[in-house]
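I have a structure I would like to understand better, so I am pasting it below and will then ask my questions one at a time.
The values are calculated or read from the model by the stated rules, or taken from the named source; none is laboratory data. Remember, it's a predicted structure, so these values are computed and weren't measured experimentally. All Cβ positions, glycine included, derive from the backbone under ideal geometry; neighbour counts span all protein chains shown.
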Amino acid sequence: MNNQVFSVSNPAPICIGTGLLALDVVFNGNPNVKPNYWAGGSCGNVLTVLSYLGWQSFPVARLGKDPAAIKLTDDLHRFKVRLDYVHNDKNVNTPVIVERIRNIGGIPTHKFYWVCPNCGTWLPRYRAILQGAARNIMNKMPIPQCFYFDRVSPGALELAKSARKAGSLVIFEPPSVKDDKNYITAIQLSHIVKYAHDRYCNIDRLKVSIYPFLLIETLGAEGLRYQFRRNARASKAWKTIPAYHVDDLRDAAGAGDWCTAGIIHMLGGNGNNDVTQITEEMVIEALRFGQAMAAFNCRFEGARGGMYKVDKRTFEKAIKNIIKNQSAYSPIDEPVSNEARNLLRRICPGCKGHEKLNKRKTQKIRIKSFPNTYFT
């Protein structure tokens, strides 16, 4: 994996997306602990993670003028997500999703609810951006490196058409795949289509004239499989990539969104809009990076819980360690005493390796070009 994997082009690459942007209310199963209120929804999570990675993220969404919108946008502001194209409409309510985390048989599980846990009333659902508003935005928005959408609507298709025409990488991540005219149009507009295995419709049976060059089917704990093909005659064989092991699973919610953001980051983070230059080697590296991001977040509660618990440097180090060690381990959160540190240096191969590396760095190094000069 490239050491510059977290670097992005200057100016920062742009991702514009539309789809589910909602307020997540996360209960961790303890009635004495207050729930967390975070920006969520697939589109919300993907764009927020990309902003965290250094991108300029612009969601296109219609929210209400209500307390849920305030909490949601406050969270987006925290991670520098651009709200230029978020419209607050007094005639609609901001979508709200409740996540409840439970421990069943020692295995953390989560379930999403669309009803209020207090009174049982149905919570507000997703409201698509209007087609007229989408056309107005098209005349204002910059050309993005990537356009992402997770819901099909006339407005979303207008934006996808505009992005595809401009040469942007178009990614479609539907909650399900249907044999429907609008879904077929969305697939044909996309370079990448990603979906979960439990919501799969055989895309090969759909009457798709322009095929995505990359299909990704996520398999949960089993990893994912993909098809990479540049034309209709290319091989339709699936290739499987196993998931990274997570030894301290807290919550798998949002793992797919982190994976998607990682794929986008790797394939578009250099600012290049020429999707024809993407090779299968680049795709595999992007998929592994996305899987490492997903594994990292599984150790925290909530769809983006890791972003609130560790700093950016710790996050980057954790991703590199996952890729190197093939698993997501959990470091001790408490400070290590000097006595324990000295013991670990004797028994831990990792500590020994770091100690040797640090010793080499501090030694005087003679530079051949300047025989009388030394650096420390």
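Give the number of residues within region 153-200 that are at pLDDT 90 or above and not in a helix (DSSP H, G or I).
Residues in region 153-200 being at pLDDT 90 or above and not in a helix (DSSP H, G or I): 16 in total.
Here is a check on your reading of the model: is residue 41 under 13 Å from the mean Cα position of the chain (by Cα) and under 17 Å from residue 128 (Cβ atoms)?
Yes, satisfied.
If you take the residues of region 82-140 that are assigned to a loop (DSSP other than H, G, I, E, B) and of a type in the set (Gly, Ala, Ser), which of them is surrounded by the most Cβ atoms within 10 Å (Cβ to Cβ)?
Ranking the qualifying residues of region 82-140, first place goes to 128.
Return the residues of region 242-256 that are more than 14 Å from residue 225 (Cα to Cα) and outside any loop (DSSP other than H, G, I, E, B); say none if nothing qualifies.
245, 246, 255, listed by residue number.
Which condition number in (1) closer than 19 Å to residue 56 by Cα; (2) buried (at least 16 other Cβ atoms within 10 Å of the Cβ); (3) at pLDDT below 95 is the one that residue 274 fails?
(2)
Considering every residue within region 266-281, establish whether at least one is in the same structural domain as residue 188 (by TED's automatic domain parsing), of a type in the set (Gly, Ala, Ser) and in contact with a helix residue (DSSP H, G or I) (Cβ under 8 Å, 6 or more places away or on another chain).
Scanning region 266-281 turns up no residue that is in the same structural domain as residue 188 (by TED's automatic domain parsing), of a type in the set (Gly, Ala, Ser) and in contact with a helix residue (DSSP H, G or I) (Cβ under 8 Å, 6 or more places away or on another chain).
Residue-by-condition table, conditions (1) hydroxyl-bearing (Ser, Thr, Tyr); (2) crowded, with 19+ Cβ neighbours inside 10 Å:
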| position | (1), (2) |
| --- | --- |
| 44 | no, yes |
| 57 | yes, yes |
| 65 | no, no |
| 74 | no, no |
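Moving to a separate point now. Got at least one residue in region 233-240 being of a type in the set (Val, Ile, Thr), at pLDDT 90 or above and closer than 25 Å to residue 48 by Cα?
There is no residue in region 233-240 that is of a type in the set (Val, Ile, Thr), at pLDDT 90 or above and closer than 25 Å to residue 48 by Cα.
Further question on the same structure: Looking at (1) of a type outside the set (Asp, Glu); (2) within 21 Å of residue 46 (Cα to Cα); (3) at pLDDT below 95, can you tell me which one residue 117 breaks?
The one condition residue 117 does not meet is (2).
Condition test on residue 357, is it farther than 30 Å from residue 9 by Cα, modelled with pLDDT under 90, touching a Cys at 6+ places or on another chain (Cβ under 8 Å) and not small (Gly, Ala, Ser)?
no
Would you list the helices (runs of 4 or more DSSP H) that sit entirely within region 271-325 and hold 1 or more residues that are of a type outside the set (A, V, I, L, M) and touching a strand residue (DSSP E or B) at 6+ places or on another chain (Cβ under 7 Å)?
280-297
Taking residue 168 as the residue in question, decide whether it is in contact with a Pro (Cβ under 7 Å, 6 or more places away or on another chain), among the polar types (S, T, N, Q), closer than 24 Å to residue 267 by Cβ and assigned by TED's automatic domain parsing to the domain that holds residue 257.
Yes, satisfied.
Right, here's the next one. When you scan region 1-70 for strands (runs of 3 or more DSSP E) that lie fully inside it, which ones turn up with 2 or more residues that are without any contact (Cβ under 8 Å) to a residue 40 or more places away in the chain and over 25 Å from residue 250 (Cβ atoms)?
none
Follow-up. In region 43-75, how many are out of contact with any strand residue (DSSP E or B) (no Cβ under 9 Å at 6 or more places or on another chain) and closer than 18 Å to residue 16 by Cβ?
3
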